[in-house]
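Step one of this worksheet: look at the structure below.
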Amino acid sequence: MVNNKILLREDQLPRRWYNVAADIKEHLSPPIDPGTGNPMDPGKLKVLFAEALIEQEISTERWISIPEEILDQYAVWRPTMLIRARQLEQYLGTPARIYYKQEGVSPPGSHKTNTAIPQAFYNKKEGIKRLTTETGAGQWGSALSYACQKFGIELLVYMVRCSYEQKPFRKILMRMWGANVLPSPSDMTECGRSIRAQYPDTPGSLGIAISEAVEDALKRDDTHYTLGSVLNHVMLHQTVIGLEIKEQLKSINEKPDVLIACTGGGSNLAGTIFPFVPEKLSGAKIRFVAVEPSSCPSLTRGRYVYDFGDMAKLTPLLKMYTLGHDYVPPAIHAGGLRYHGQSPLLSALTKMGLVEAVGVKQLGVFDAAKIFIMTEGVVPAPETAHAIRVTIDEALEAKKTGEPKVIVFTFSGHGHFDMAAYEAYMDGKLTDYDYPQEAIERSMRNLPKVG
């Protein structure tokens with residue numbers, strides 16, 4: 001019997017995070033204080049973030065040690081398996097070898113737990129009693145709820161309204177771990193009330209939910225804000241994914257030709273590819289492919305400029321690929337990918353030409369998910385299915401050329417709470433969305449003026 005699972009021992013769990021900023025720092029632009037127009041004073045962020053996280057945010061050290069308390073929590077589900085998708089290969093008739101990193105085995109069911117645990121830990125260590133956050137599809141909200149329960153911290157989650165309605169079981173899971181969950185925009189904040197008055201039927205967006213969570217946190221001394229993607233320290237924590245992939249491939253004498261992951265704010269993709277960046281900078285022929293929805297095309301149709309991370313303009317200005325902070329995407333089922341901007345680190349790599357970006361449509365994504373379910377028997381989240389779509393496309397291209405390339409994608413989360421989306425797909429109720437260019441241009445006109 002062929003062994004499809006490439007395992008690491010628990011003592012092979014990475015003990016340091018890799019910081020890509022060390023190797024591309026000359027390509028990075030500092031966050032800007034919107035009040036002064038000057039680089040942001042990190043000290044001003046102490047009202048929102050734990051000091052240890054701020055230090056990680058601005059660090060250019062290549063390696064940052066993982067505290068033992070975090071390693072103890074990681075060991076509940078890490079290291080995760082790298083799995084050879086042999087039945088998918090056979091179905092496609094491809095000479096490509098396909099592997100996927102199974103991040104859906106964490107207790108909340110996604111890769112988001114890799115950063116939720118550190119963020120809860122550092123805030124607890126600083127004496128913070130309460131956290132606020134936003135969530136799109138619910139993976140981040142679930143992960144942080146789990147982490148806060150582990151460290152005894154109160155949590156309030158602002159969940160994007162369309163996902164709040166589409167994904168009730170994610171909401172229940174968060175509540176089971178003790179979190180309070182509100183649909184965003186809500187009546188709890190000035191930002192939420194203003195947007196509801198102006199757009200009463202809005203499906204919400206991550207930009208709106210971030211504004212609410214930040215506003216809430218700023219009102220209380222015992223509260224900090226946490227973000228599940230985009231920021232440098234979040235990208236850092238996720239590198240356990242790629243570090244494990246490197247060791248697993250090395251153990252079977254494989255080298256990746258293509259690394260693929262879906263991207264909304266960028267944490268899943270960053271975790272997958274960042275540990276391989278030094279090799280690519282040294283000339284290795286590895287392709288990094290970012291997959292995003294065509295309805296939220298920040299990398300493929302956005303601009304690389306300074307922008308706010310939220311609709312209410314409460315955050316510092318970040319240099320990133322963006323569609324504009326007041327962009328509200330359609331209510332697609334991949335709620336975790338409905339964000340207007342991308343990680344500054346990932347954006348810099350894209351600008352450098354190291355990352356390829358691909359936009360895919362919703363129906364094609366669910367077609368790919370169905371193939372994966374039929375062959376590998378595992379149900380992916382709609383976000384994860386974006387990576388599967390492009391993995392299948394790459395494998396079919398290899399079939400045409402006869403190239404036996406090695407394709408690796410990250411299975412960022414399971415779809416056990418996404419049955420309503422799959423039911424809509426099977427009943428023919430899903431449609432494709434192509435966001436109008438004029439709507440993107442309208443949003444772009446509101447970009448902040450910098451420099």
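The values are calculated or read from the model by the stated rules, or taken from the named source; none is laboratory data. Remember, predicted model here, so these are calculated numbers, not experimental data. As a convention, Cβ positions derive from the backbone with ideal geometry for all residues, glycine included, and neighbour counts pool all protein chains shown.
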> In region 432-446, which residues are surrounded by fewer than 14 Cβ atoms within 10 Å (Cβ to Cβ) and within 24 Å of the chain's Cα centre (by Cα)?
Replying inline: 434
> Quick check: anything in region 388-404 part of a helix (DSSP H, G or I), of a type in the set (Gly, Ala, Ser) and within 25 Å of residue 33 (Cβ to Cβ)?
Replying inline: no
>> Can you report the number of residues in region 77-132 which are aromatic (Phe, Trp, Tyr) and in contact with a Ser or Thr (Cβ under 6 Å, 6 or more places away or on another chain)?
In response: 2
> Can you name the residue in region 50-73 that is in contact with a Lys or Arg (Cβ under 8 Å, 6 or more places away or on another chain) and of a type in the set (Val, Ile, Thr) and is also surrounded by the fewest Cβ atoms within 10 Å (Cβ to Cβ) among such residues?
Replying inline: 60
> Does residue 57 meet the test of being within 20 Å of residue 307 (Cα to Cα), of a type outside the set (A, V, I, L, M, F, W, C) and either modelled with pLDDT of 95 or more or in a strand (DSSP E or B) (or both)?
Replying inline: yes
> Residues in region 427-443 that are in a loop (DSSP other than H, G, I, E, B) and over 17 Å from residue 337 (Cβ atoms): how many?
Replying inline: 4
>> Can you pull out every residue in region 74-95 that is within 13 Å of residue 395 (Cα to Cα) and either surrounded by 23 or more Cβ atoms within 10 Å (Cβ to Cβ) or touching a His at 6+ places or on another chain (Cβ under 6 Å) (or both)?
In response: 85, 94
>> Checking the conditions here, which among 282, 295, 347 is under 30 Å from residue 99 (Cβ atoms) and modelled with pLDDT under 95?
In response: 295
>> Just to be sure I understand the filter: pairs with C-beta atoms under 8 Å, separated by 6 or more residues or on different chains, first member in region 301-320 and under 14 Å from residue 449 (Cβ atoms), second member acidic (Asp, Glu) and modelled with pLDDT of 90 or more. Which pairs pass?
In response: 317/33; 317/307
